[in-house]
Amino acid sequence: MKQNKISIRKLILLAAASLSGICAVSAEEPAEGQWKTAYVKRGFCGAFQDGWLKGSGSVIRSRTPMPFDGTRVKVEVSGCHDTVVELENLFLVRGADDNGKITGPKYPILFDGKAAVSFTTGTKKWSDEAEIPIRKGTWYVQDSYFSQKMPYAYDVDIGTCDVKGSDDKEVLSGQTKGSRVGILARIDVFTTDKRPTIVCYGDSITHGFSSTPNSGQRYPDQLAKLLDRPVLNMGVNGDMVQWAGGAPRLISSLKGVDTVVFLMGINDIVTGTVKQLSDYTAKVKPVIENLKKQNLKVYIGTLPPAGGFKKFDDNPEHDKLRQEINKWIRTSSGADKVIDFDMALFDPATPTKMKSEYQSDWIHPNDSGYRKMAEIAAFVISGSSEKKK
């Protein structure tokens, strides 16, 4: 009997050792995952180009929160100026304060094993893969150094770009803040996060003009919180439907996207590039059709009121055209669903205007207005504006 007890004990120990060995092997194996786009910015090098930064060199730091956890990173840089841009170093940094001072670890981004890379107009270059721990909700910083003056390029997050025309790499004392600088076009992250991503595509309203800087108050930011889903902000200040034709091709290149929210047109009305309804539909309808061909869910937003904004009020036909466009959006756009931003923001007492508590300059919402936009978008996309638990 004693010998049997010893034998049983040996079997138990052997079984335990075998199981622990199996567990150890499993722990070393990489978890299943996929590459997903965590950050993207569209280049804008047209009439709004602001020139060159001062000084012989430039340091640029722009911040963005990451929408999901990950373990590896690839970065795309892009130029859109008729000059060769010499990037000396690029780092991804976990954390920097409001003055641009780095507060977290710096991870170097290399290109073909080298820190420096050069590119020119229309050139895009992907970095090597980098082992970087990415944490959902944590702000990461693009920390880039240039050996020459740096041209304004990408429409980066409002108020989050710290710039200094020197090689001061510690604290950007005396820095300026800009909204059209930088060369980082996209960040892809290897992640186990399976939530599908939403793209918000539009102009300065989507971009978040007049929202509180670095506070996550833009409507795509607030939409991400309400739905607990990754949301990519592809808004560009001053954008118009006449330039929207490339949207389907650009969006199709992104990883993990299944939904698009399209909102654009108020700049076209103000500038006169859209003079009648057919001018708008001729540009927007093909965009919607081509997005749907990619099996994407397509939502289109009505144009919010802009009464009270001087350039909009200068022509009494502007609001009439906006109403015609909104009628077409509500009835004939061909999108999967309509998000009625107009109805969410307008003042019943003066329908041509936003409610005063929602506006910042009568054409852009404030933080509360962007919150209202996010709520109506969340309601339409998911059927509920409640944040998922």
How would V236, V93 line up from fewest to most surrounding beta-carbon atoms within 10 angstrom? V93, V236
Kindly put R61, R72, R249 in sequence by how many other C-beta atoms sit within 10 Å of each C-beta, fewest to most. R249, R72, R61
Amide H within-cut-off set for F119, under 5 Å, with H built and near neighbours excluded: V85, L87
Cα centroid separation - segment 322-371 against segment 218-250, whole Å: 17
Ascending count of other beta-carbon atoms within 10 Å, so fewest first, for K327, K41, K255, K353: K327, K255, K353, K41
Normalized C-alpha radius of gyration of segment 322-372, against 2.2 N^0.38 Å? 1.22
From the phi of every residue in segment 359-376, what ³J(HN,Hα) in whole Hz does the Karplus formula 6.51 cos²θ - 1.76 cosθ + 1.60 yield, where θ is phi - 60° and glycine or proline is x? 9, 10, 9, 6, 10, 10, x, 9, 4, 5, x, 5, 4, 4, 4, 5, 5, 5
Return a whole-number percent for the relative contact order of segment 195-382, with Cα pairs under 8 Å and 6 or more residues apart as the contact set. 25
In Hz, Karplus ³J(HN,Hα) per residue of segment 333-340 (6.51, -1.76, 1.60; θ = phi - 60°; x = Gly, Pro): 6, x, 5, 5, 8, 10, 9, 8
Checking the table K285/K353; K74/K337; K136/K194; K194/K297; K125/K194 against a 25 Å threshold on Cα-Cα, which pairs fail? K285/K353; K74/K337; K125/K194
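No value in this document is a laboratory result; all are computed from the given coordinates. Keep in mind the model is a prediction, meaning the values are calculated, not measured. Here the Cβ is made from the backbone with ideal geometry for all residues, glycine too, and neighbour counts use every protein chain on show.
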